[in-house]
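Please treat every number below as a calculation from the coordinates, not as lab data. This structure is a prediction, so every number in the text was calculated from the model and none was measured. Cβ sites come from the backbone with ideal geometry, for glycine too, and all protein chains shown count toward neighbours.
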Amino acid sequence: MRLLVLGGGGFLGHHTVTQGLAAGHDVTVLSRSGKPPVEGVEVLVGDRTGDLSALRSSVQGGREWDGVVDTYTDTRPDAPAVEATARLLSGSVGGYAYVSGMSVYAPSGPRVPDESGPVRRAGVEPDTDVLQERSLAKLAGEAAVTEHFAGPALFPRVGIMVGPRDPSQRFTWWPVRLAGAAAGTLPRTVLLPGDPDRAVQYSDARDIAGWVVQMLATGRGGTFNTVGPGRGDTLRQVVDACLAAAGARPDDVELVPVADERYLETALADWEQEERPLWYPEDQIPQDAIDSSAALAAGLLFRSATDSAAETLAWARENEAAGLTDSFVEREQQLWRGMP
């Protein structure tokens, strides 16, 4: 397959490039830097919000691709950047995969929505809902591709993504923090927020990327939830997996439970949601879980928590991406010392 990735230097886009190459596909990226994210990738220089001349010249010259992956989130509710590429590539690309998100589902809908669940609408949710603007932009992106692209359209609705290159601290915190505690380079006491036996849903970005590439290669379209389908993992099991990835024993670390409310009000009060080193509870997410059984039936598979933790820890060590900050460790310890 000839695969075009709009971006490719970040998180999911980068993994889409590497998964495409691993599957034997020819990969082209549209990049502002002009630098290939990895060896073996062709680069077209351009900007999603401005200069599409290189991409336009390729299309006008008769260039074709079998599939395109677009991870961009427009900042405007009418999604002009997504509309522009959907129009430009229509007729020159076999299938268009636009990465959407689980937050598009209406908070008033089912507690565990599938793809038929009601979605957010403008003017319905309050202005204080921090997910509303981004979600409406994602829905506008889906609509733009549906309206302006003549070919199969694939809309993977993702949730919390983890793994190497994760720009947030939500998952990386755990293997790095626990490895430091076990090695004695960080305090041995680690706070565990909320109920450790609550179920959690998350997805390794590499698994989503590989599945999207496979769907494009087979010409499949449709809307699919891709949020850790069928997981029975609890927070405790995730922590245990991270301990195993760090080569630590349970008695190497002292895990101290702390109530969600106290943790949020003290340790995390002034941190943005995606900057928080601990990604449960996600107080912005109104649903209890997401039903991704349709994606499972379409071949989506997820690696184990231990594999994700081990590979994330190896990446963090290799790239000196600590996954935590000294200020947060200090705040965590201050909270612990102030506990009754």
*asked:* For the chain, what does the helix formula give at 222 nm: sum of -39500 (n - 2.57) over DSSP H segments with n ≥ 4, over the residue count, nearest 500 deg cm²/dmol?
replied: -10000 deg cm²/dmol
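What share of the DSSP beta bridges in the chain is antiparallel, in percent to the nearest 5?
Rounded to the nearest five, the antiparallel share is 5 percent.
Taking the Kirkwood radius as the inverse of the mean 1/r across Cα pairs, report the Rg/Rh of the range 11-64. Don't jump to the answer; show the numbers that get you there.
Values: Rg = 11.6 Å, Rh = 11.8 Å.
With Rh from the inverse mean 1/r over Cα pairs, Rg/Rh is 0.98.
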*asked:* So if I average 1/r over every pair of distinct C-alpha atoms in the chain and take the inverse, what Kirkwood radius in Å does that give?
replied: 21.1 Å
_Rg over Rh [alpha-carbon atoms, Kirkwood Rh] for the range 76-210_ = 1.07
*asked:* Under the rule of at least 5 residues apart or a separate chain, name every residue whose amide H is placed under 5 Å from the amide H of Phe302.
replied: none
*Using only the alpha carbons, work out the radius of gyration and Dmax of the range 2-158 in angstrom.*
16.2, 49
*Counting pairs of alpha carbon atoms under 8 Å apart in space and at least six apart in sequence, what relative contact order in percent does the chain give?*
19 percent
*Give me the compactness ratio for the range 184-257, meaning the Cα radius of gyration over 2.2 N^0.38 Å.*
1.53
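Kirkwood hydrodynamic radius for the range 90-130: how many Å is it when counted over pairs of different Cα atoms? Present the calculation step by step, with values, prior to reporting the outcome.
Values: mean 1/r = 0.0796 Å⁻¹.
It is 12.6 Å.
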*Can you pull the one-decimal nm distance between simple spin-label points at Ser90 and Arg236, each 7 Å off the Cα toward Cβ?*
5.4 nm
*Between the range 164-234 and the range 115-157, how many Å separate their Cα centres?*
24 Å
*Long-range amide H partners of Gly95 with built H, under 5 Å*: Gly67, Val68
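Can you work out D for the range 130-191 in µm² s⁻¹ from Stokes-Einstein, where Rh is the Kirkwood radius over C-alpha pairs, the temperature is 4 °C and the viscosity is 1.567 mPa s?
Working: Rh = 15.3 Å.
It diffuses with D of about 85 µm²/s by this estimate.
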